[in-house]
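No lab work stands behind these numbers, since they all come straight from the coordinates. Values in this document were obtained by computation on a predicted structure and should not be read as measured data. Every residue, glycine among them, receives a Cβ derived from its backbone with ideal geometry; neighbour counts consider all protein chains shown.
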Amino acid sequence: MSIPLQSRLPRTYRIKHVKQETEMVRTFTFDGSLGAKPGQFAMVWLPGADEVPMSVACDDGATTRITFFAAGGMTNELAKLRVGDLAGLRGPFGTHYEWERGQHIVLVAGGYGAAPMYFVAKETAMHDCTLDVIVGARSNDHLLYVEELESLPHVSLHLATDDGSAGHKGFGTDILEKLLSSCHRPAAARPIDATSAPRISTRSDNGKCSPIDQIFGCGPEMMLKRISEMCAKYEVTAQLSMERYMKCGYGLCGNCVMDPLGIRICKEGPVVSNEVLLQLTEFGKYYRDDLGKKHSFDAIRKQR
Ligand SMILES: Cc1cc2nc3c(=O)[nH]c(=O)nc-3n(C[C@H](O)[C@H](O)[C@H](O)COP(=O)(O)OP(=O)(O)OC[C@H]3O[C@@H](n4cnc5c(N)ncnc54)[C@H](O)[C@@H]3O)c2cc1C
């Protein structure tokens, strides 16, 4: 799929609305649409600072939203912008989540992953999909998009916090495991000749199983790795949003390739099917920085 020239060049957009989500997280609504689909990202440019990838948190055809952590040099500068200020946007870039009308989908979000997951939920709800949405964060104060998700039709919201200040005490993936195991046996536990494997399902209020068609995930890589393993175990289709260091955003520079397939996360991702992810040996193990140097996730965990 070729990316039109106007998407590859930055255009300035005026900030129409700023929402302070948490102490560190803001949402900007820009006046103008990129024509983005749920899961796609934009390169956000602040002249004199940097240009970084951000997931599109919503694009309603008239406005575009991003939700970001003030995490470092660029994003701290970005956080200083106010209503009426301008920023550059390029895109939309990359793959997007795909679904069929009426499907039962489980969305799993960690950190700012809740923003693109809200965009998915909003669009899938319009296609009569039924959603179980799992949102995880460190504590109640860090949960994002809870009110917005609660306001959507056909959404059952499940919260998880590390400290138990809201919802389940623990990881969002614990809830996913419960949903999966409530009505389904892992592939390995099934008789070898079982050709008619049941679809994954969860119990609805009336006690009946409601099949899960797919699982979508967006959040920290170790969370995605756990989802990937679970979906392989229960043989459920999954689409997960990956992050790698991106420069051009449209497949030219090769900075975001993943071993050993060499897929470019900005072009063949960020939304990647679990079938492909299971072939990526670097998934959950290491990533490359702006110079292409490898960093292992284990080393990062030990530093913390
Ligand atoms: C597809 C994609 C979608 C993203 N969506 C969001 C989002 O919706 N909200 C959000 O807060 N963050 C998002 N990020 C992460 C965001 O790009 C980084 O947090 C941001 O670049 C930090 O820049 P900084 O200069 O403020 O911080 P730094 O201190 O420079 O970096 C902090 C972290 O961000 C990473 N980072 C820096 N520049 C890039 C880059 N060009 N590409 C990838 N990673 C980078 C660094 O490796 C480091 O781990 C996304 C990243 C990707 C790849």
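Taking 21 Å as the limit for the C-alpha separation, the pairs LYS233/LYS293; LYS19/LYS247; LYS122/LYS285; LYS225/LYS294; LYS80/LYS122 exceed it in the case of LYS233/LYS293; LYS19/LYS247; LYS122/LYS285; LYS80/LYS122. Computed from Cα atoms, the angle from the helix 221-234 axis to the main principal axis of the chain rounds to 30 degrees.
Counting every other Cβ atom within 10 Å of each residue's Cβ, CYS248, CYS266 order from fewest to most as CYS248, CYS266. Going from the fewest other Cβ atoms within 10 Å to the most, the residues SER210, SER2 appear in the order SER2, SER210.
Considering only alpha-carbon pairs that sit under 8 angstrom and 6 or more positions apart, the relative contact order computed for the chain is 15 percent. Given +1 at the Cβ of Lys and Arg, -1 at the Cβ of Asp and Glu and no other charges, the dipole of the chain around its Cα centre is 520 debye to the nearest 20. Centre-to-centre, using Cα atoms only, the stretch 235-304 and the stretch 135-150 are separated by 26 Å. Rounded to the nearest 0.05, the FRET efficiency derived from the C-beta distance between VAL83 and ASP128 at R0 = 35 Å is 0.45. Where both bridge residues fall in the chain, DSSP classifies roughly 60% of the beta bridges as antiparallel. Overall shape: oblate for the stretch 242-304, with the ratio a/c of the largest to smallest alpha carbon gyration tensor axis at 1.5 or above and b/c at least equal to a/b. Just want the answer: with Cβ charges of +1 for Lys and Arg and -1 for Asp and Glu, which residue in ILE15, THR75, ALA62 is farthest toward the dipole's positive end in the stretch 5-93? Farthest towards the positive end: ALA62.
Only alpha carbons enter this Debye calculation for the chain, each as an equal point scatterer, and the log10 of I(q)/I(0) it gives at q = 0.06, 0.08 Å⁻¹ is -0.19, -0.35. Set the Cα radius of gyration of the stretch 110-165 against 2.2 N^0.38 Å, with N its number of residues, and you get 1.09. Counting every other Cβ atom within 10 Å of each residue's Cβ, THR22, THR95, THR67, THR237 order from fewest to most as THR22, THR237, THR95, THR67. Dipole of the chain computed with +1 at Lys/Arg Cβ and -1 at Asp/Glu Cβ about the Cα centre; of VAL135, TYR97, TYR287, farthest Cα towards the positive end is TYR287. Only DSSP H runs of four or more residues enter the estimate; each adds -39500 (n - 2.57), and after division by the residues of the chain the mean residue ellipticity at 222 nm equals -5500 deg cm²/dmol.
Taking amide H as placed 1.01 Å from N in the peptide plane, the amide H of ALA166 sits under 5 Å from that of ASN140, THR161, each at least 5 places away or on another chain.
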